[in-house]
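Working notes, beginning with the structure itself.
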Amino acid sequence: MTHLLPLLLYSGAFVLWVRLLLRGARGQASLLASGVTGVAVFVHAVALGHFWLRYGELPLVGPGAALSSLAFVGGLALVAMLPLRDVGRVAIALLPFIIIVQAVALILGIQPSPMALDFQGTGFVLHVSFAFLGYQGLALAFAAGVLYLIQHHELKEKRLGRFFHFIPPLATLDKLARVGLWGGFVALTLALAFGWAWTVENRGSLEMSDPKVIWAVLSWLVFVGVLLARAGGGRNDYRGAVAAVVGFGVVVSTYLVLRITVGATGVFL
Amino acid sequence: MERRDTMSLAVVGVSHHTAPVEVRERMAFGPSEAAEALLELRSETEVREAVLLSTCNRTEVYLFSANGPHVIQAWQSLLGGKAGRLERQVGDYLFEQRGEGVVRHLFQVAAGLDSLVTGEAEIQGQVRDAYELAASMPVDPPLAGPVLNRLFQMALSVGGQVRSETSIGEGAASVASVAVQLARKIFGSLKGKRVLILGAGQTGELIVEALDREGVQGVMVANRTYERAVGLAQQVQGHAIAMERLAEALGSADIVLSSTSAPHPILTQRVFREAFPGGLRRPLLMIDIAIPRDVDPAVGHDPEVFLYNVDDLRKIVDEQVRVREGAVPEADRIIQAQSEEFRTWFASLEVVPVIRKMRGRAEDLRTLELERLLRGMDHLSDGDRERVEEFSRRLTNKLLHDPTVRLRKGMGTGGGAELVEAFRFLYGLEDHNRPSRAARRSGEGRGDAGEPAGDGESKEKMGS
């Protein structure tokens with residue numbers, strides 16, 4: 001129930017943002033949507049704090065707990081953006097990701113993992129925390145990229161409808177995607193470094209065929225690819241948005257493939 | 001106390017509904033002229049309250065006066081004097097509203113419902129300026145007195161409410177504002193953005209002015225004749241460039257505004273490639289309002305180019321105007337509700353002196369009876385005397401509470417005049433030198449023609 005409440009609040013916030021899109025951004029509606037989003041993140045923080053106090057371990061190990069923490073990091077990013085004019089509207093694209101991740105976490109069960117004893121120490125906590133930041137950075141770039149492409153389409157089609165009015169300017173979305181990508185890239189790089197150091201220290205060597213390692217390295221390469229796409233000559237912003245959307249798709253689908261094929265045996269996440 | 005049954009709230013003036021621009025521009029008042037006109041109106045007619053609203057679409061004066069026809073006549077001759085010789089009589093161009101019609105009219109004006117372009121936002125500021133001008137006039141009593149003060153404050157609040165709760169102000173409703181809106185949705189802030197202007201034209205100038213207000217910098221002007229480019233550049237505080245340097249200028253521009261009379265496209269794909277040899281790496285907004293078009297449509301196929309021609313802009317304007325007009329019924333509902341609120345408040349002005357008088361009478365009676373009672377009860381201690389006095393006060397208040405509340409409520413729901421009359425009769429509050437309603441109806445009430453007795457309250461009726 002403690003972890004269901006944030007999911008319900010995230011869903012409620014999403015409905016409010018959609019309502020805002022459909023009815024036009026007026027009056028107190030925007031404040032309400034932002035407020036409910038903020039409350040959802042706060043309640044989520046309380047739920048995760050409760051988990052920590054109750055089980056004496058951070059919710060970082062085990063698929064359910066880890067996914068819930070990942071969703072929470074996304075919520076935190078959203079809360080940081082809410083006070084910025086118009087930028088908070090990116091919630092409409094980021095909240096579905098947060099909702100799906102939290103829902104999957106609930107389905108898998110947010111419980112302490114027996115593996116928690118094997119995964120401990122500051123290095124491990126830093127590794128997981130930075131990894132979450134990295135993936136949320138990519139999710140943010142994805143959300144900004146999706147909105148960028150919709151707004152771009154509206155402008156190209158000369159349709160100044162609901163989406164045009166609701167979605168932030170292209171320049172704002174591009175800046176947001178850039179922040180998400182660079183922040184995420186740095187965080188994931190640190191996550192890989194801490195993960196490698198922790199593994200070498202605790203396990204002796206890093207097993208390159210470990211699905212977690214494969215996915216992490218692939219994710220890092222995706223970041224590099226997306227950043228290179230933005231840096232290349234011509235059509236920078238537009239190509240950057242497409243690359244962020246595709247890159248996020250690759251990372252998520254790779255995770256799902258690995259989860260279904262290898263994860264069923266319990267060795268992956 | 002003296003009351004009036006005539007409608008004492010009025011608005012008289014010209015607007016785009018009643019007068020063509022040639023007439024309106026001759027009747028327009030700048031701030032200093034408006035101040036002079038208000039002073040003149042006050043000195044000539046002793047009008048109690050007046051606010052003059054003058055914009056390019058309207059010049060109208062809001063009046064609260066016991067001597068309506070005389071003030072209106074003075075205002076007409078003032079307008080006539082300002083306009084000079086006209087094709088028709090001044091009165092032919094004027095409109096006039098009385099009573100609640102004034103409230104509704106002002107609320108509609110402030111909300112942009114009466115504007116040439118439905119929902120335009122500037123009128124809100126113009127209404128505020130008009131009110132502030134009247135409020136700042138050094139005259140006593142103030143021109144923006146209790147009635148117009150309340151009316152204009154409510155109008156500004158209604159304007160804000162309508163804009164925030166409906167889509168009346170959504171989108172842009174002129175070519176220039178659409179251009180600015182597009183630029184904002186592409187670049188976010190326009191500060192520091194560079195604009196390239198090709199050719200000269202009125203619409204183009206309006207767009208440049210609108211962009212200038214958003215903080216664009218480095219306006220470059222190119223024209224077939226260099227001298228004309230220099231002239232326009234001076235107007236928009238930009239710099240002229242020779243047509244031969246067009247590609248170079250295009251390469252550094254964020255927004256291109258084209259309105260030449262060239263028979264063929266000027267900005268062709270060849271010029272575009274020359275301007276961006278490595279490909280366009282950032283968004284470029286191109287507004288082509290020339291007929292025939294100045295920009296080759298193929299240029300618009302680049303993903304970073306947002307090319308709009310005059311038809312595209314017109315279509316957007318039409319669409320946005322339709323959206324705004326769709327919001328009119330919702331805006332009307334807000335205006336209706338707020339007009340009711342004003343009516344209730346206005347009606348309560350008349351009831352305040354009655355209530356005050358009734359309470360005064362009750363207090364006199366209470367004091368008198370209390371004195372009588374205590375005179376024969378010397379044995380009471382000071383504490384007991386205080387308790388008896390407190391009892392009398394409470395009893396009086398309780399007896400008066402319900403009638404007071406009901407009277408106030410009754411004033412807001414219509415039939416207020418009859419209610420006040422009944423109240424006066426029942427509590428014996430009649431003004432003995434004031435004629436009865438029946439007498440006034442039959443025109444015998446000579447005492448009704450003067451100004452209301454000044455007890456510090458506005459007691460005139462708003463009428464209907």
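The values are calculated or read from the model by the stated rules, or taken from the named source; none is laboratory data. Computed from a predicted model, the values in this text were never measured in an experiment. Quick reminder, even Gly has a Cβ in these numbers, built from the backbone with ideal geometry, and neighbours come from all protein chains shown.
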Among (1) in contact (Cβ under 8 Å) with a residue 24 or more places away in the chain; (2) touching a Lys or Arg at 6+ places or on another chain (Cβ under 9 Å), which single condition is A:Leu126 missing?
(2)
Residues that are outside any helix (DSSP H, G or I), modelled with pLDDT under 90 and within 14 Å of another protein chain (Cβ to nearest Cβ): does region A:161-171 have at least one?
yes
With B:Arg281, B:Arg273 as the choices, which residue is modelled with pLDDT under 90 and within 14 Å of chain A (Cβ to nearest Cβ)?
B:Arg281
Conditions first: (1) in contact (Cβ under 8 Å) with a residue 24 or more places away in the chain; (2) closer than 20 Å to A:Lys158 by Cα. B:Lys185 passes all but one, so which condition is the exception?
(1)
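Filter region A:223-238 down to the residues that are over 18 Å from A:Thr172 (Cβ atoms) and within 14 Å of chain B (Cβ to nearest Cβ), then identify the one that is modelled with the lowest pLDDT.
A:Gly234
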So, in region B:191-210, of the ones that are of a type in the set (A, V, I, L, M, F, W, C) and surrounded by fewer than 24 Cβ atoms within 10 Å (Cβ to Cβ), which residue ends up nearest to B:Arg314 (Cα to Cα)?
B:Leu206
Condition first: under 22 Å from A:Val242 (Cα atoms) and crowded, with 21+ Cβ neighbours inside 10 Å. Can you find one or more residues in region A:193-214 that meet it?
no
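Here's the yes/no breakdown for (1) more than 10 Å from every other protein chain (Cβ to nearest Cβ); (2) part of a loop (DSSP other than H, G, I, E, B):
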residue	(1), (2)
B:Val147	yes, no
B:Leu151	yes, no
B:Ala155	yes, no
B:Ser164	no, no
B:Gly169	no, yes
B:Val180	yes, no
B:Glu205	yes, no
B:Val208	yes, no
Residues of region B:98-119 that turn out to be touching a helix residue (DSSP H, G or I) at 6+ places or on another chain (Cβ under 9 Å) and over 19 Å from B:Leu9 (Cα atoms), as a count:
8
Answer with yes or no whether B:Ile266 is under 22 Å from A:Phe164 (Cβ atoms), modelled with pLDDT of 85 or more and aliphatic (A, V, I, L, M).
no
Quick check, is A:Leu95 more than 14 Å from every other protein chain (Cβ to nearest Cβ) and within 24 Å of A:Ala243 (Cβ to Cβ)?
yes
Given B:Ala337, B:Ala262, B:Ala331, B:Ala347, which one is away from chain A (no Cβ under 14 Å), buried (at least 20 other Cβ atoms within 10 Å of the Cβ) and outside any strand (DSSP E or B)?
B:Ala347
Can you name the residue in region B:56-65 that is in contact with a strand residue (DSSP E or B) (Cβ under 9 Å, 6 or more places away or on another chain) and within 17 Å of B:Ala110 (Cα to Cα) and is also surrounded by the fewest Cβ atoms within 10 Å (Cβ to Cβ) among such residues?
B:Asn57
Restricting to strands (runs of 3 or more DSSP E) lying wholly in region B:1-72: which have 3 or more residues that are small (Gly, Ala, Ser) and modelled with pLDDT of 90 or more?
B:9-15
Could you tell me whether region B:277-291 includes any residue that is touching an Asp or Glu at 6+ places or on another chain (Cβ under 7 Å), in the same structural domain as B:Ala179 (by TED's automatic domain parsing) and in a helix (DSSP H, G or I)?
no
Scan region A:104-116 and tell me whether some residue there is crowded, with 22+ Cβ neighbours inside 10 Å and more than 19 Å from the chain's Cα centre (by Cα).
no
Do the conditions hold for B:Ser115, that is, is it more than 24 Å from A:Ala29 (Cα to Cα) and in contact (Cβ under 8 Å) with a residue 24 or more places away in the chain?
yes
Looking only at region A:215-227, count how many residues are within 17 Å of A:Val128 (Cβ to Cβ) and surrounded by 14 or more Cβ atoms within 10 Å (Cβ to Cβ).
4
If you take the residues of region B:182-203 that are closer than 19 Å to A:Pro168 by Cα and of a type in the set (Gly, Ala, Ser), which of them is nearest to the other protein chains (Cβ to nearest Cβ)?
B:Gly188
Of the residues B:Glu87, B:Glu170, only one is at pLDDT below 90, within 25 Å of B:Arg324 (Cβ to Cβ) and in contact with a helix residue (DSSP H, G or I) (Cβ under 9 Å, 6 or more places away or on another chain); which?
B:Glu170
Can you tell me which residue among B:Glu244, B:Glu214, B:Glu209, B:Glu205 is farther than 23 Å from B:Gly171 by Cβ and acidic (Asp, Glu)?
B:Glu244
When both residues are 6+ apart or on different chains and their Cβ atoms are under 6 Å apart, which pairs have a first residue that lies in region A:71-86 and is in the same structural domain as A:Ala47 (by TED's automatic domain parsing), and a second that is acidic (Asp, Glu) and at pLDDT 90 or above?
none
Counting only residues that are buried (at least 18 other Cβ atoms within 10 Å of the Cβ) and not small (Gly, Ala, Ser), region B:88-103 contains a total of 8
Checking the conditions here, which among B:Ala111, B:Ala172 is under 20 Å from the mean Cα position of the chain (by Cα), over 21 Å from B:Phe346 (Cβ atoms) and crowded, with 18+ Cβ neighbours inside 10 Å?
B:Ala172
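Give the residue, chosen from B:Gly91, B:Gly171, B:Gly145, B:Gly160, that is on the phi > 0 side of the Ramachandran plot and touching a residue at least 12 places away in the same chain (Cβ under 8 Å).
Working: B:Gly91 fails: on the phi > 0 side of the Ramachandran plot; B:Gly145 fails: on the phi > 0 side of the Ramachandran plot; B:Gly160 fails: on the phi > 0 side of the Ramachandran plot.
So the residue among B:Gly91, B:Gly171, B:Gly145, B:Gly160 that is on the phi > 0 side of the Ramachandran plot and touching a residue at least 12 places away in the same chain (Cβ under 8 Å) is B:Gly171.
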Restricting region B:284-317 to residues that are in contact with a Phe, Trp or Tyr (Cβ under 7 Å, 6 or more places away or on another chain) and at the interface with chain A (Cβ under 8 Å from one of its Cβ atoms), the residue that is surrounded by the fewest Cβ atoms within 10 Å (Cβ to Cβ)
B:Pro303
